[in-house]
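The values are calculated or read from the model by the stated rules, or taken from the named source; none is laboratory data. The shown structure was predicted, so the numbers you read here are calculated from the model rather than taken from an experiment. No Cβ is skipped: glycine too gets one built from the backbone with ideal geometry, and neighbour counts run over all protein chains shown.
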Protein chains: 2
Amino acid sequence: MYNQSALKKIIDKALVNLAYNAEAEKLMEPVRYVLSMGGKRIRPVLALMTCNLFSDKIDDAVIPVTGLEIFHNFTLVHDDIMDQALMRRNMQTVHSKWNVNQAILSGDVMPFISYECLLQTPSQILSPVLKTFTRAAMDVCIGQQMDMDFEKSAVVTQDEYLRMIELKTAALIAASAKIGAIFGGAEEREIEILYEFGRNLGLAFQIQDDLLDVYGDVKTFGKISGGDIVADKKTFLFIKAMEIANTEQRKILKEQYTQQTQNAEDKIRIVTDIYNQLNIKSLTENIADDYINASLKFLEKVSVSQERKEELIQMTTSLAGRNH
Amino acid sequence: MYNQSALKKIIDKALVNLAYNAEAEKLMEPVRYVLSMGGKRIRPVLALMTCNLFSDKIDDAVIPVTGLEIFHNFTLVHDDIMDQALMRRNMQTVHSKWNVNQAILSGDVMPFISYECLLQTPSQILSPVLKTFTRAAMDVCIGQQMDMDFEKSAVVTQDEYLRMIELKTAALIAASAKIGAIFGGAEEREIEILYEFGRNLGLAFQIQDDLLDVYGDVKTFGKISGGDIVADKKTFLFIKAMEIANTEQRKILKEQYTQQTQNAEDKIRIVTDIYNQLNIKSLTENIADDYINASLKFLEKVSVSQERKEELIQMTTSLAGRNH
């Protein structure tokens with residue numbers, strides 16, 4: 001069995017070793033840059049872990065699942081253009097380091113690099129692997145559209161928000177868990193269970209991400225705390241707060257999210273004060289915990305020994321451990 | 001045997017009948033819009049024709065090759081953003097009708113719709129079909145990068161230009177011809193011949209496109225004549241003219257392509273005058289004809305009856321017939 005950190009090293013190595021056509025150098029430089037920014041490589045690592053649940057042989061899966069990470073980074077490059085975000089993980093975003101056209105085009109090539117990786121899947125499982133990936137890629141785009149539309153909506157309900165992150169974030173994490181299981185040779189029933197495991201994990205993951213923006217710190221999270229508030233992002237915290245706020249609090253939140261000119265620190269403080277008054281932190285933690293528990297329930301249903309599940313259980317529960 | 005116009009109808013119908021998730025409506029509206037703009041559907045039609053060379057049964061190929069058209073339209077949506085083009089085929093471009101973010105995102109989903117179509121390929125030929133498509137998609141992106149870089153280059157040679165259009169335009173047309181042959185059950189040798197046929201056809205096609213911008217008319221071409229000149233596009237005509245111009249003519253061409261403020265009609269007239277002095281029209285037609293003849297030579301090598309080749313020959317030679 002491989003542990004998470006060993007798998008991350010395998011993926012990092014595969015990403016560094018990706019060979020590009022010399023003629024494509026200018027196109028690929030931003031691709032290499034964004035892939036070198038780091039990150040937990042959660043999607044391919046998860047896929048290798050679910051593969052490893054069923055099989056000791058993970059080698060065939062390494063290059064194909066690296067495609068999941070490249071696709072994820074493609075979405076970051078284009079989302080950063082749409083959000084006009086200048087920084088990510090304490091580094092300049094691609095469009096701010098180069099320019100918007102370069103970020104569009106270098107982003108555009110990345111899904112095809114993903115498919116080049118995924119096309120190294122053994123032929124007997126090629127079709128289900130590619131169908132799972134392609135479905136997830138479409139879901140991510142649909143989720144990003146909803147996220148964009150929410151910016152202009154006066155009211156977003158908790159259900160609408162959860163559906164948006166299910167598509168934008170959880171679909172690819174679910175697909176990763178499913179693809180790993182397909183590589184591991186799991187049966188149809190187990191493959192679908194692992195999709196559900198991943199879907200719940202992905203929902204928990206995004207809600208935690210929202211939480212960390214306000215209640216994490218720069219060191220562990222790599223971006224300025226409160227960035228979502230400054231960018232008027234309708235996160236789970238904001239939506240929950242709007243739902244349970246009294247008239248006065250709701251008025252202040254609305255004001256803060258529509259005014260353009262106020263000081264960023266003041267804005268973060270005012271919004272966070274209301275979150276604190278409404279106990280949003282623990283309300284959000286509770287929802288995230290519900291999804292973590294749901295994903296663990298799905299994992300229980302998988303017919304492999306407890307020992308083989310250990311690493312996945314640890315990864316899942318560590319999401320709930322909030323050391324900040 | 002199917003003729004070109006019957007095949008175009010089959011593709012148009014497949015494009016109209018594409019079913020989208022209701023939840024994705026806002027994302028798909030611009031996709032439907034761009035696909036409804038029309039066009040010759042040259043790539044999927046060509047694929048069905050090369051399939052039909054070898055087989056009377058083309059049904060299995062229809063949905064998969066429709067993916068080629070959707071991919072091509074994706075490149076138009078994103079290229080129009082990068083070029084800041086407001087009109088295409090006498091209609092507003094996606095980013096000018098909606099906005100840049102919407103055009104990025106609706107463009108982003110289109111390759112995945114392409115793959116959804118292509119994933120309906122029968123499993124025994126799935127891998128070669130997807131590999132051919134994915135390689136071409138990467139080539140198109142590399143070609144677009146070169147095209148962008150040429151905008152900033154003082155000098156672009158004819159060879160550099162031909163390599164750029166080989167990647168940006170010919171690679172997908174070549175892949176279309178190859179994919180059709182794979183669907184038709186052609187042997188490896190014939191499949192590669194059809195790739196070369198398509199590559200030469202694609203080169204001729206792009207050079208003709210450059211020619212039509214200056215020497216075509218609005219009705220047959222659907223865009224304002226001279227648009228490439230106004231946009232300072234380094235077309236085959238411009239590059240050839242720069243190569244053979246005398247010092248004075250080269251100075252004028254350079255001036256016209258760097259000045260920002262002059263009147264568009266004056267600019268078109270001044271540049272076209274030099275093209276006429278240098279006989280650029282027939283020089284360009286000769287090069288296009290060379291590629292058309294090369295593609296016909298490859299077609300001759302294909303081991304099927306002359307009768308089966310008739311429609312492809314007609315399509316190829318009609319490219320050379322310049323009725324304007």
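Checking region A:5-16 against the condition returns no match, with no residue being exposed (fewer than 13 other Cβ atoms within 10 Å of the Cβ), away from chain B (no Cβ under 14 Å) and outside any helix (DSSP H, G or I). Could we say that B:Tyr291 is farther than 30 Å from B:Ile58 by Cα, crowded, with 18+ Cβ neighbours inside 10 Å and in contact with a Leu (Cβ under 9 Å, 6 or more places away or on another chain) here? No: the conditions fail for B:Tyr291. Checking each residue in region B:229-257 for being of a type outside the set (D, E, K, R) and in contact with a Ser or Thr (Cβ under 7 Å, 6 or more places away or on another chain) picks out B:Phe236, B:Leu237.
The listed residues are A:Glu116, A:Glu25, A:Glu69, and the only one of them that is touching a residue at least 12 places away in the same chain (Cβ under 8 Å) and out of contact with any Pro (no Cβ under 9 Å at 6 or more places or on another chain) turns out to be A:Glu116. Look at region A:90-106: where a residue is closer than 18 Å to A:Gly38 by Cα and a partner is hydroxyl-bearing (Ser, Thr, Tyr), sitting 6+ places away or on another chain with Cβ atoms under 7 Å, you get A:Val94/A:Tyr33; A:Val94/A:Ser106.
Results for (1) acidic (Asp, Glu); (2) within 14 Å of chain B (Cβ to nearest Cβ); (3) out of contact with any Asp or Glu (no Cβ under 6 Å at 6 or more places or on another chain), shown as yes or no for each residue.
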{"residue": "A:Lys26", "(1), (2), (3)": "no, yes, yes"}
{"residue": "A:Glu29", "(1), (2), (3)": "yes, yes, yes"}
{"residue": "A:Leu35", "(1), (2), (3)": "no, no, yes"}
{"residue": "A:Ile42", "(1), (2), (3)": "no, no, yes"}
{"residue": "A:Lys57", "(1), (2), (3)": "no, no, yes"}
{"residue": "A:Phe71", "(1), (2), (3)": "no, yes, yes"}
{"residue": "A:Phe74", "(1), (2), (3)": "no, yes, yes"}
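Scan region B:124-171 for residues that are of a type outside the set (A, V, I, L, M, F, W, C) and more than 22 Å from B:Gln84 (Cα to Cα) and the total you get is 14. Looking only at residues of region B:121-137 that are facing chain A (nearest Cβ under 7 Å) and free of Cβ contacts under 8 Å to residues at least 40 places away in the same chain, we find that the one that is farthest from B:Ile70 (Cα to Cα) is B:Ser123.
Selection of helices (runs of 4 or more DSSP H) fully inside region B:36-97 by the criterion of at least 2 residues being crowded, with 17+ Cβ neighbours inside 10 Å and aromatic (Phe, Trp, Tyr) returns B:59-83.
Would it be correct to say that B:Met82 is of a type in the set (A, V, I, L, M, F, W, C), more than 11 Å from every other protein chain (Cβ to nearest Cβ) and under 25 Å from B:Met138 (Cβ atoms)? No, not satisfied. In this structure, does A:Ser114 turn out to be in contact with a Gly (Cβ under 6 Å, 6 or more places away or on another chain) and at pLDDT 95 or above? The answer is yes for A:Ser114. All of (1) outside any helix (DSSP H, G or I); (2) within 8 Å of chain A (Cβ to nearest Cβ) hold for B:Asn101 with one exception: (1). Of everything listed in (1) closer than 22 Å to A:Phe205 by Cα; (2) part of a helix (DSSP H, G or I), the single unmet condition for A:Leu27 is (1).
Yes or no: region A:45-60 includes at least one residue that is touching a residue at least 12 places away in the same chain (Cβ under 8 Å), of a type outside the set (Ser, Thr, Tyr) and touching a Pro at 6+ places or on another chain (Cβ under 8 Å). Taking every residue of region A:45-60 in turn, at least one turns out to be touching a residue at least 12 places away in the same chain (Cβ under 8 Å), of a type outside the set (Ser, Thr, Tyr) and touching a Pro at 6+ places or on another chain (Cβ under 8 Å). Counting only residues that are within 14 Å of chain B (Cβ to nearest Cβ), of a type in the set (A, V, I, L, M) and without any contact (Cβ under 8 Å) to a residue 12 or more places away in the chain, region A:138-169 holds 1 of them.
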